[in-house]
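Enquirer: Handing you a structure now.
The values are calculated or read from the model by the stated rules, or taken from the named source; none is laboratory data. Remember, it's a predicted structure, so these values are computed and weren't measured experimentally. Using ideal geometry, Cβ is built from the backbone for each residue, glycine included, and neighbour counts are taken over all protein chains shown. Please note that ligands, DNA and RNA were not included when accessible areas were found on the heavy atoms of the full protein model with its side chains. Shrake-Rupley method; radii C 1.70, N 1.55, O 1.52, S 1.80 Å.
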Amino acid sequence: MLDPMTATEGRAPAPARAATLLAHVLRDLALSYEAECPGGFARFRRALSVESLAVIARVGGAAASDEAALSLARQVHETLLDVEEDVWALHTAAH
């Protein structure tokens, strides 16, 4: 959650906070995906290559250079893999 100062100034959260927020949002997305369609998040994750994530980061303005976009894309891809593992662990624990 953005603190009032950050929200007022319109700045993005610090990178560590942004990564934590991203992981939280992705876990929520993954769990809802899995509730609707078991295995859906894994298919979603496989459809997003590092290269496509880099393009999204570059075009979306999250990265100022191609190198920064690729680095960010790798981090997001790793987060997606971690989320997929978490969802799989929750799914197998529930059954």
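Enquirer: Hey, ARG43 hits all of (1) at pLDDT 90 or above; (2) within 21 Å of VAL83 (Cα to Cα) but one; which does it fall short on?
Expert: (1)
Enquirer: So in the stretch 53-79, with the set limited to residues that are open to solvent by 90 Å² or more (accessible area, probe 1.4 Å) and either within 14 Å of the chain's Cα centre (by Cα) or of a type in the set (Gly, Ala, Ser) (or both), which one is nearest to ALA30 (Cα to Cα)?
Expert: GLU78
Enquirer: So, one more: So GLU34 passes all but one of these: (1) over 15 Å from the mean Cα position of the chain (by Cα); (2) modelled with pLDDT of 85 or more; (3) acidic (Asp, Glu). Which condition number does it fail?
Expert: The one condition GLU34 does not meet is (2).
Enquirer: Consider only pairs whose beta carbons are under 6 Å apart and that are at least six residues apart or on different chains; among these, list those whose first residue lies in the stretch 69-83 and is part of a helix (DSSP H, G or I) and whose second residue is at pLDDT 90 or above.
Expert: ALA69/ALA54; LEU70/ALA54; ALA73/VAL50; ALA73/ALA54; ARG74/VAL50; HIS77/VAL50
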